[in-house]
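A.B. asks: My questions all concern the structure below.
The values are calculated or read from the model by the stated rules, or taken from the named source; none is laboratory data. All figures in this text were calculated on a predicted structure; none of them were measured in a lab. For neighbour counting, all protein chains shown are included, and Cβ atoms are generated from backbone atoms with ideal geometry for every residue, glycine included.
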Amino acid sequence: MLLIPFAARAQYQSKESPRTDSTLVLSLDDALKIALSENVSVKVADMEVKRNEYARRGSYGALFPQISASGMYSYAIQKQKVFFGSDDDSESSSGGGGMASMFMSAFEPIMYYIQQLYAVTGTPFVPYIAPAKEETSTSSSSDPIEMGRRNQVTFGLSASMPLVNVQLWESLRLTGDQVELAVEQARESRLGTVTSVKQAFFSVLMSKASYEVYNAVYENAVENFKLTQMRYNAQKASEMDLARAQSSVAAAVPNLYNAENSITLALWQLKAVMGVDLDMDIDVAGALEDYASHMFYDINEGQDASLDRNSQMRQLATQAEMLAKQIRMQQYAYLPTLSMQVSYNYYTQSDKFNLSQWKWLPSSTLVFSLSIPIFSGGQRYHAVKQARVQAAELDLQRVNAERQLRIGIRQSISTMETAMKSYDSAKEALKSAEKAYDIASKSYQVGRSTLTDLNNTELTLTQTRLQALQAVYNFVNAKAGLEQTLGYDFSDEAATLENR
């Protein structure tokens with residue numbers, strides 16, 4: 001039983017993983033720089049910015065001519081047929097009907113006008129009389145006539161572009177706001193990553209500090225056990241004192257294991273938010289007490305801090321501007337649009353599939369198209385109403401978001417203020433606890449106090465140390481959250497809370 005504490009100590013020391021040459025020791029700035037270049041959420045946000053930038057550039061292509069080439073080949077299985085004349089053959093041949101009579105009646109005013117011109121000039125007018133056709137065919141004028149040829153090939157180029165389209169112009173401005181929104185979302189991702197890395201880094205420091213406290217408790221318990229054992233062998237300590245000393249060592253071991261496990265978990269969390277391999281051997285530089293000197297802040301100044309740099313408020317402002325442009329874009333749908341289209345085609349027709357004998361003929365057209373919206377069943381009207389309702393909703397969300405952010409700022413400042421007071425109180429109590437433990441330890445060595453008194457003073461000392469460390473940890477954590485709320489970037493050294 002006397003060898004149990006030493007076996008436990010040897011077992012724990014064998015599980016410790018000391019630093020090696022391959023261990024990467026990181027400061028807070030180093031961890032932040034690695035996270036901003038390796039974190040997955042930051043990379044995704046940067047890619048989203050690129051995607052929106054490409055979308056914006058692509059949208060400007062609507063202003064340029066859209067050029068396309070086309071080709072077509074068709075084969076007439078049955079040619080199209082047309083009819084001339086009336087359905088009654090006798091009527092068409094009598095002169096009262098038929099194609100000829102219809103033609104002459106249509107051109108009768110023109111013939112009369114030509115005769116008058118010849119009468120003025122004195123030139124006799126001789127009307128043209130078509131030669132009589134020989135009755136070689138028995139078909140009537142009502143028989144269908146085939147048109148076109150079997151093979152038809154067409155190649156062409158066409159270009160179209162909008163000349164006046166106000167709604168399109170406003171939509172292009174909207175794509176610029178989408179890029180700006182993506183940039184701000186990427187900034188928000190960076191701010192969140194910075195806060196997560198800071199909190200994970202401080203968790204590692206807190207775990208290491210707790211380990212040091214519990215390790216000191218363990219070492220003190222071992223020293224007290226040795227002293228008690230010596231006194232027990234000299235018959236100056238009772239068996240109960242020896243059992244208490246041994247139980248104190250045994251009780252300190254689980255706390256030491258938990259502290260070691262907390263360091264491992266905290267390092268995993270730090271590596272996860274940094275975006276590095278979880279098997280990578282890293283450690284953090286510095287101690288949590290190093291940040292105790294930064295525990296100051298003007299509380300009154302933080303109550304009314306500006307939210308101009310807050311990412312959420314900036315995104316809401318950008319979204320409000322986008323909705324305003326959407327309203328104008330819906331209103332511009334009432335305006336006419338003007339577009340232009342140019343086409344140039346080559347085509348040919350032939351009954352024989354002989355490319356060398358095909359005759360290609362060009363054709364080209366220039367078309368200006370004016371579109372005037374008149375009635376759409378109320379779609380444009382209700383689209384404007386919908387956009388205005390969305391703008392009103394966004395305004396209410398902005399007011400509520402600002403209220404929640406103000407609450408968050410006050411909570412962070414209250415936590416920081418409490419941490420500062422707790423740290424000052426814990427520091428004063430720590431001095432008294434250390435002095436009391438030294439007195440109790442020396443008194444126990446000379447036999448003027450009991451082991452129970454020594455254990456009580458050590459427990460008070462341990463609690464006071466942990467309270468001081470917890471106060472520093474609470475302060476730096478709340479400060480990191482406040483910096484994120486206020487929108488202070490890691491790269492903006494002039495905007496950090498220490499320099500305000």
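A.B. asks: Could you list, in sequence order, the residues of the range 341-361 that are exposed (fewer than 15 other Cβ atoms within 10 Å of the Cβ) and either at pLDDT 90 or above or among the β-branched types (Val, Ile, Thr) (or both)?
C.D. replies: TYR344
A.B. asks: For the range 335-373, name all the residues that are touching a residue at least 40 places away in the same chain (Cβ under 8 Å), outside any strand (DSSP E or B) and under 45 Å from the mean Cα position of the chain (by Cα).
C.D. replies: LEU335, PRO336, PRO373
A.B. asks: Looking at ASP308, ASP290 in this structure, which one is part of a loop (DSSP other than H, G, I, E, B), at pLDDT below 90 and among the acidic types (Asp, Glu)?
C.D. replies: Details: ASP290 fails: part of a loop (DSSP other than H, G, I, E, B).
After ruling out the rest, the residue left standing is ASP308.
A.B. asks: Please work out if ILE145 is modelled with pLDDT under 60 and β-branched (Val, Ile, Thr).
C.D. replies: Numbers: modelled with pLDDT under 60: no; β-branched (Val, Ile, Thr): yes.
Here the answer is no, as ILE145 does not meet what is asked.
A.B. asks: Please go through (1) out of contact with any strand residue (DSSP E or B) (no Cβ under 6 Å at 6 or more places or on another chain); (2) at negative phi for ALA285 and return the number of the only condition it doesn't satisfy.
C.D. replies: (1)
A.B. asks: Residues in the range 258-266: is at least one over 25 Å from THR452 (Cα atoms), in a helix (DSSP H, G or I) and in contact (Cβ under 8 Å) with a residue 60 or more places away in the chain?
C.D. replies: Among the residues of the range 258-266, at least one is over 25 Å from THR452 (Cα atoms), in a helix (DSSP H, G or I) and in contact (Cβ under 8 Å) with a residue 60 or more places away in the chain, which makes the answer yes.
A.B. asks: What is the one condition in (1) closer than 24 Å to THR460 by Cβ; (2) part of a loop (DSSP other than H, G, I, E, B) that GLN235 does not satisfy?
C.D. replies: (1)
A.B. asks: Of everything in the range 442-467, what is touching a residue at least 60 places away in the same chain (Cβ under 8 Å) and crowded, with 16+ Cβ neighbours inside 10 Å? Give them in sequence order. Working first, answer last.
C.D. replies: Going through the range 442-467, the residues touching a residue at least 60 places away in the same chain (Cβ under 8 Å) turn out to be 444-445, 447, 450-452, 454-455, 458, 462, 465-466.
Hits for the range 442-467 are TYR444, THR450, LEU451, LEU454, ASN455, GLU458, THR462, ARG465, LEU466.
A.B. asks: Now a separate question. Tell me which residues, restricted to the range 330-351, are farther than 15 Å from SER376 by Cβ and among the aliphatic types (A, V, I, L, M).
C.D. replies: If we filter the range 330-351 for residues that are farther than 15 Å from SER376 by Cβ, which is where we start, we get 338-351.
Hits for the range 330-351 are LEU338, MET340, VAL342.
A.B. asks: Specify which of the listed residues (ALA100, ALA31) is more than 30 Å from PHE155 (Cα to Cα) and modelled with pLDDT under 70. Show your work before the answer.
C.D. replies: Working: ALA31 fails: modelled with pLDDT under 70.
When all the criteria are applied, what remains is ALA100.
A.B. asks: Quickly run through the range 144-173 and pick out the residues that are of a type outside the set (Lys, Arg) and out of contact with any Ser or Thr (no Cβ under 9 Å at 6 or more places or on another chain). Write out each step before concluding.
C.D. replies: Initially, the range 144-173 is screened for residues of a type outside the set (Lys, Arg), giving 144-148, 151-172.
Scanning the range 144-173 gives PRO144, ILE145, GLU146, MET147, GLY148, TRP169, GLU170.
A.B. asks: Moving on. From the residues in the range 155-171 that are buried (at least 16 other Cβ atoms within 10 Å of the Cβ) and among the hydroxyl-bearing types (Ser, Thr, Tyr), which one is nearest to ALA76 (Cα to Cα)?
C.D. replies: Of everything passing the filter in the range 155-171, SER158 is nearest to ALA76 (Cα to Cα).
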